[in-house]
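Since the structure comes first, as structure tokens, the remarks are kept for the end.
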């Protein structure tokens, strides 16, 4: 099964884990992985964490003790030197190098915590991803990227200190993110990384994964169309443009002029008029080639 197809199958599973989706992403963007072997590595990390925590003789372990084990015992730390390196968002590379972006370290905290029976979930704050640790004593934020444990009541102050400005945190931001939402955020980070490298092939791979998660996002189809056009992938670009204009509610704009007369068409903005011209150019090229 192709990696994108496997990703789509996993997306349809109601209890899919974020680590499985993250490994599907890594397998799609790098040499194919043995996903089962990578999941086994996470199992081994959890076993190692259990052994470290057993020494503290506190059951359940407190938030600070868990994060100390994650950062010191398991040797995971934030990648502060080159945050735009794609490896910081590819789970197999994060496990191998023991470093990554905040969301990847939080993902591993969540995955290890679940295997240990701990209550850890992800919180997708603006500009910085953190995890929440809950036990019978209360709630704490875990920031494995900066090796910090923060009382939940100090969330806004801490986030301001990390991102450099105050950001209000409405209550909905404290709802645990889903595996799908984590996967989309990971892909957004990878998209930014590959964009900085002008890596069109990988950008297209990322967009294919993103459209699998949110097929109704018309902007993703537009961006895919433009990239495919630049790659001279005419049929793929035409497909993406048809999808874009369908979601926009303006598909008849792509029809021949004599057919368009049967529709009451709303005017398009300048960008969409250029996309129509692009589509007609593609149709001309395909007709000429055939």
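List of remarks:
- Those residues of segment 231-247 which are free of Cβ contacts under 8 Å to residues at least 40 places away in the same chain and within 24 Å of residue 200 (Cβ to Cβ), in sequence order: 231, 232, 233, 236, 239, 240, 242, 243, 244, 245, 247
- Against the test of being touching a helix residue (DSSP H, G or I) at 6+ places or on another chain (Cβ under 8 Å) and at pLDDT below 95, the options 267, 252 yield a single qualifying residue, 252.
- Among residues that are surrounded by fewer than 21 Cβ atoms within 10 Å (Cβ to Cβ), over 15 Å from the mean Cα position of the chain (by Cα) and in contact (Cβ under 8 Å) with a residue 24 or more places away in the chain, residue 77 is included.
- Residue check, residue 253 surrounded by 18 or more Cβ atoms within 10 Å (Cβ to Cβ) and outside the structural domain of residue 27 (by TED's automatic domain parsing): yes
- Taking segment 191-234 as the range and being part of a loop (DSSP other than H, G, I, E, B) and farther than 25 Å from residue 284 by Cβ as the test, the residues that pass are 197, 198, 199, 214, 215, 216, 217.
- Restricting 132, 114, 165 to those that are assigned to a helix (DSSP H, G or I) and at negative phi reduces the list to 114.
- Of the residues in segment 43-52, not one is at negative phi and under 17 Å from the mean Cα position of the chain (by Cα).
- Criterion: in contact with a helix residue (DSSP H, G or I) (Cβ under 7 Å, 6 or more places away or on another chain) and either farther than 20 Å from residue 7 by Cβ or touching a residue at least 24 places away in the same chain (Cβ under 8 Å) (or both) - qualifying residue of 285, 207, 220: 285
- Answer residue from segment 72-89, given it is assigned to a helix (DSSP H, G or I) and touching a helix residue (DSSP H, G or I) at 6+ places or on another chain (Cβ under 6 Å) and is farthest from residue 185 (Cα to Cα) among those: 73
- Any hit, segment 211-226, residues being outside the structural domain of residue 25 (by TED's automatic domain parsing), surrounded by 13 or more Cβ atoms within 10 Å (Cβ to Cβ) and at pLDDT below 95: no
- Residue 92 vs. criteria farther than 24 Å from residue 15 by Cβ and either touching a helix residue (DSSP H, G or I) at 6+ places or on another chain (Cβ under 6 Å) or not in a strand (DSSP E or B) (or both): no
- Qualifying residue in segment 152-161 (condition: assigned to a loop (DSSP other than H, G, I, E, B) and assigned by TED's automatic domain parsing to the domain that holds residue 19): no
- So residue 174, is it under 22 Å from the mean Cα position of the chain (by Cα), under 15 Å from residue 89 (Cα atoms), touching a residue at least 40 places away in the same chain (Cβ under 8 Å) and assigned by TED's automatic domain parsing to the domain that holds residue 27: no
- Looking only at segment 135-147, and only at residues there that are in a strand (DSSP E or B) and in contact (Cβ under 8 Å) with a residue 40 or more places away in the chain, the one that is farthest from residue 105 (Cα to Cα): 135
The values are calculated or read from the model by the stated rules, or taken from the named source; none is laboratory data. Not measured: the values here are computed from a predicted model. Heads up, the Cβs are rebuilt from the backbone with ideal geometry, glycines too, and the neighbour counts pull from every protein chain shown.
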